[in-house]
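Have a look at the structure below before the remarks.
The values are calculated or read from the model by the stated rules, or taken from the named source; none is laboratory data. It should be emphasised that the depicted structure is a prediction, and the values quoted were computed from it without experimental measurement. Positions of Cβ are backbone-derived with ideal geometry, glycine not excepted, and every protein chain shown enters the neighbour counts. All accessible areas refer to the heavy atoms of the entire protein, side chains included, with ligands and DNA or RNA removed. Shrake-Rupley method; radii C 1.70, N 1.55, O 1.52, S 1.80 Å.
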Amino acid sequence: FTKAERVMYVGETFFKRRYRKGSIMQNNIYGSRVSYDSKRRVIQLLHQEMQRKEVTKEAKRFLRQRRNVLYVDSLHYDKALRVKTPFSRWVSYPLAARTCIRQVWKRSRWQK
């Protein structure tokens, strides 16, 4: 993403998913070590890419948004997985703080 000259997002649906009993798409990935480890690795790579000096502001914004979305999703994984292989402090502390602040902000908006 950081090497691309242009990036575009299209918010249209291009396929419709069918749900079938017994499909592998129905499995719960949030207990899978392989799934958690791969998501964790992608988060770390996005974080490292953001730290490079030659990355533009727009690319950093995109990388940060993707990293944050994946991090919040990783919180749904089984706690035993998250405890066994936690994120580095440089990644987890700022993201945990952002998540907490965002939750408080959302609650305060709902109470108005």
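Heavy-atom surface analysis with a 1.4 Å probe gives region 11-110 a carbon and sulfur content of 57 percent of its accessible area.
Remark on the chain: ratio of C-alpha radius of gyration to 2.2 N^0.38 Å is 1.28.
The listed peptides 30-38, 68-76, 11-19, ordered by packing as a protection proxy, come out as 68-76, 30-38, 11-19 (highest mean of other Cβ atoms within 10 Å first).
For trypsin sites (Lys or Arg not before Pro), the sites in region 48-89 that DSSP calls loop and that have at most 15 other Cβ atoms within 10 Å are ARG52, LYS53.
In this structure region 11-110 gives 82 Å² per residue of accessible area when probed at 1.4 Å with all protein chains present.
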